[in-house]
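Here's the structure we're looking at; comments come further down.
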Amino acid sequence: MRHSERHLGHRVGWLRASVLGANDGIISTAALLLGVAAANSSRSAILTAGMAGLVAGAVAMALGEYVSVSSQRDSERSDIEKERWELENMADHELDELTAIYEAKGLSHPLARQVAEELTDHDALAAHLREELGISEHELARPVQAAASSAGSFSVGAAVPLVAAALASHSARVVAIIGVTLVALVALGYAGAKLGGAQPARPIARIVLGGIAAMVFTMLVGKWFGAAVG
């Protein structure tokens, strides 16, 4: 009978990268736009700063994710090679180790030994990677996927306050940026919670409060720095 239960753990890699990228894109670009606007800058200066922030942020997110996830993948591959060597050169020890793992999970020694032997005969490497390291040789970290997810989601997120700044009038640009940003953050928090199978209230509160703090702080810096330069 086919196992039909739905679990959401397989989404954690791309979901984390996408939510983090979109969150950073929305908040950093909105904060940048508000900081420049608070310094009484022109519309062209605000939009130029926002576009530069979008491009620079997307590239930085992609590179950061690629380097980080590549390091994770290298570590996973190193562990796999180490386990493969141990199975080739220390087979008895590895069988004892697998038996002990199943005993620790509650199986009697004879049954644990039988399970370990049968799994070793079927696919020793897969069994040890799963039980000892919690990884699969066919499901390693994907640096390119993580980089693309981060860059794409950052760009989409950054475009939200940037479009608001481009369409709003001079007198309404600050209110428009803040309003659109808060709506986007609520939507992102809700979507991330639903995709991850969590209740949305706390994720929404975290992301909205963090965004408000970032925007307020950046506006204050822009206002103070603009006054000092002026």
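Just so it is clear, none of the values below were taken in a lab; they were calculated from the coordinates. Values in this document were obtained by computation on a predicted structure and should not be read as measured data. Cβ: placed from backbone, ideal geometry, glycine included. Neighbour counts: every protein chain shown.
Here is a yes/no grid of residues against (1) assigned to a helix (DSSP H, G or I); (2) without any contact (Cβ under 8 Å) to a residue 60 or more places away in the chain; (3) among the small types (G, A, S); (4) touching a helix residue (DSSP H, G or I) at 6+ places or on another chain (Cβ under 6 Å):
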residue	(1), (2), (3), (4)
G179	yes, yes, yes, no
L185	yes, no, no, yes
K194	yes, yes, no, no
V208	yes, yes, no, yes
I212	yes, yes, no, no
F225	yes, no, no, no
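Within region 28-49, which residues are polar (S, T, N, Q), free of Cβ contacts under 8 Å to residues at least 40 places away in the same chain and part of a helix (DSSP H, G or I)?
S44, T48
Please determine, by comparing only the residues of region 58-97 that are in contact with a Lys or Arg (Cβ under 9 Å, 6 or more places away or on another chain) and crowded, with 16+ Cβ neighbours inside 10 Å, which one is farthest from A146 (Cα to Cα).
Among them, the one singled out is L95.
Is it the case that E103 is charged (D, E, K, R), without any contact (Cβ under 8 Å) to a residue 40 or more places away in the chain and in contact with a Leu (Cβ under 8 Å, 6 or more places away or on another chain)?
no
Taking R130 as the residue in question, decide whether it is more than 13 Å from E94 (Cβ to Cβ), out of contact with any Gly (no Cβ under 9 Å at 6 or more places or on another chain) and among the charged types (D, E, K, R).
yes
Please enumerate the residues belonging to region 154-181 that are buried (at least 16 other Cβ atoms within 10 Å of the Cβ) and polar (S, T, N, Q).
S155, T181, listed by residue number.
Only residues that are basic (K, R) and in contact (Cβ under 8 Å) with a residue 24 or more places away in the chain: list them for region 50-84, please.
Within region 50-84, R73, R77, R84 qualify.
Inspect region 99-112 for any residue being crowded, with 18+ Cβ neighbours inside 10 Å, over 30 Å from A168 (Cα atoms) and of a type in the set (D, E, K, R) and give the result as yes or no.
No.
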